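**Student:** Submitted below is the structure of interest, expressed as C-alpha cells.
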Amino acid sequence: MRSFAVLLLALAALPAEAKIPAEEDSCLGCHGTDASMSMDLPSGEKLGLFVDQDAFAKSVHGEMLRCTECHADKSDYPHESKPFKSRRDVTVAYYEQCKKCHFSNYTKTLDGVHFQLAQKGNRQTAVCVDCHGSHAIGRPAEPRSRVSATCAGCHKGVHDTYATSVHGKAMLEGNGDVPVCTDCHHAHDVTDPRAGALSLRTAEICGRCHTDEKLMKKYGLSTKVVDTYLTDFHGMAATLQKGKKGRGERLAAGCTDCHGVHDIQKPEDPRSSVLRANLVQTCRKCHPEATDSFPAAWMSHYEPSLKKTPLVWSVRLFYYILIPFILISLAVQIALHLWRVVVNR
C-alpha cells in the first residue's frame, strides 16, 4: 500500500506539458522522476534507466507509441531480470524492435555493411538506436548537420577530414545544399566502400548535384562534368565495367580517385588533388610511370574547343563531317544499284 502511495505522488509530480499517452504514466512514474536511476551490470558499467519525459514527448514517437510496444517484455512489475552483461547487450537485444514499424528500412539494413559486419561477430557495428537514439528520437535531417555528427560517433577521423573539405565547411556553416554522409553512402543499405563498386558509381552519385542546373547556377559551376567524364576514356572504361563481378581490379578512375573522397577541395585550392601543380601526383596513383607532361593528355572536364584544344576540336569536326558523308554516300550507292537492277529487268 505504501509503494502504491509513492507511485501516486510520483505521478502527481509529472509536468502537465509532457504530452504522453495516458497508459505510460505507470512507466514514467518510476523511470521519469529520478535522473540518477540506474542499474549495475556485470561488466562494471551502469545502465541508465531514467527517461526524460519532456524529450520523449517531443520525439517522433512521443504521442504515438507506448513504452510496452518496444519493451514488450516489461508488461508487469517487478520486471523480470535479464541476463545482460553489458550496455551493448541491451542495445543489441532491443534494436530489432524497430522492424515492427519500420520493416522496409530494416530490410535495407540487411544489405548494408553494418549488418554484414554484425553477422561476422562485430558487436560494435552500428544498429538502429546507435544512429537514431532510443527515447529522444528526432527527425534524422533536422538539422542536416546532425547526420554527419551522428556518423562521427564511430567514424571520427573521416568526419574530421570531411569537416575541412569544401562540402564539410559549407555544411558546418549551415548550407543545406551540400551532401552529408547519407547522400553518398545511403542511410540503411550502406555500401562497403572497400569493395570497389561504390567507386564505379561515383559519376551517378556526384551527378545528382553536379547535373542540377538550378543548383550549379547558384554556385557558378558547370553541369557538364558528368557528360565530359563519361565521354572520356576513364568514364567509358568505368561504364563498361559497372555491374560486372569477378573482373579483378577496376579499369579506370572514378570521380573520387581524382578529386578525393572526404577531403574534396575547390579545384583552385592549393590542397586540391586536381590542381595543375598536384595533378601528376594524382595520376601516379594509377600510372606510377607518369611523367610531368602526362596530365597534358587529359582534357579534364573541358569540352574540345578551337581556342583551348584546337587539334582535338579539328579531329572531332573532321569525323563529324566524314562519317555522315560516308553513310550518305553508301546509302546513295545502294539506292542507285537497286534502281539499276530494276531498270535492267
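**Student:** Between residues in region 285-305 that are within 22 Å of THR223 (Cα to Cα) and residues that are of a type in the set (Lys, Arg) and surrounded by 11 or more Cβ atoms within 10 Å (Cβ to Cβ), which pairs lie under 6 Å by C-beta distance while being six or more apart or on different chains?
**Tutor:** TYR302/LYS308; PRO304/ARG316
**Student:** Next up: Hey, among the residues in region 20-63 that are among the charged types (D, E, K, R) and under 20 Å from GLY133 (Cβ atoms), which one's modelled with the lowest pLDDT?
**Tutor:** Let us first name the residues in region 20-63 that are among the charged types (D, E, K, R), namely 23-25, 34, 40, 45-46, 52, 54, 58, 63.
Now narrow it down to the ones that are under 20 Å from GLY133 (Cβ atoms): 24, 45-46, 52, 54, 58, 63.
Working: GLU24: 56, GLU45: 88, LYS46: 88, ASP52: 88, ASP54: 86, LYS58: 86, GLU63: 76.
Once the filter is applied, the top-ranked residue is GLU24.
**Student:** Only one residue in THR223, THR161, THR182 is touching an Asp or Glu at 6+ places or on another chain (Cβ under 6 Å) and either within 30 Å of GLU96 (Cα to Cα) or in a helix (DSSP H, G or I) (or both), so which one is that?
**Tutor:** None of the other options fit; the residue is THR161.
**Student:** Among the residues of region 109-150, write down those that are within 28 Å of LEU49 (Cβ to Cβ), touching a Phe, Trp or Tyr at 6+ places or on another chain (Cβ under 9 Å), of a type outside the set (A, V, I, L, M) and part of a helix (DSSP H, G or I).
**Tutor:** THR109, CYS128, ASP130
**Student:** Identify, from the list ASP263, ASP292, the residue that is among the acidic types (Asp, Glu), assigned to a loop (DSSP other than H, G, I, E, B), out of contact with any Leu (no Cβ under 6 Å at 6 or more places or on another chain) and loosely packed, with under 12 Cβ neighbours inside 10 Å. Even if it seems obvious, please write down each step before you answer.
**Tutor:** Numbers: ASP263 fails: loosely packed, with under 12 Cβ neighbours inside 10 Å.
Just a single option satisfies the conditions, and that option is ASP292.
**Student:** Just give me the residues in region 199-220 being assigned to a helix (DSSP H, G or I) and either surrounded by fewer than 16 Cβ atoms within 10 Å (Cβ to Cβ) or without any contact (Cβ under 8 Å) to a residue 12 or more places away in the chain (or both), in sequence order. Before the answer, list the steps.
**Tutor:** Initially, region 199-220 is screened for residues assigned to a helix (DSSP H, G or I), giving 199-200, 202-210, 213-219.
GLU204, ARG208, GLU213, LYS214, LEU215, MET216, LYS217, LYS218, TYR219 - these are the residues of region 199-220 that are assigned to a helix (DSSP H, G or I) and either surrounded by fewer than 16 Cβ atoms within 10 Å (Cβ to Cβ) or without any contact (Cβ under 8 Å) to a residue 12 or more places away in the chain (or both).
The values are calculated or read from the model by the stated rules, or taken from the named source; none is laboratory data. Computed from a prediction, not measured in an experiment: that's the story for all the values here. When we count neighbours, we look across all protein chains shown, and the Cβ atoms used for this are built from the backbone with ideal geometry, even at glycine.
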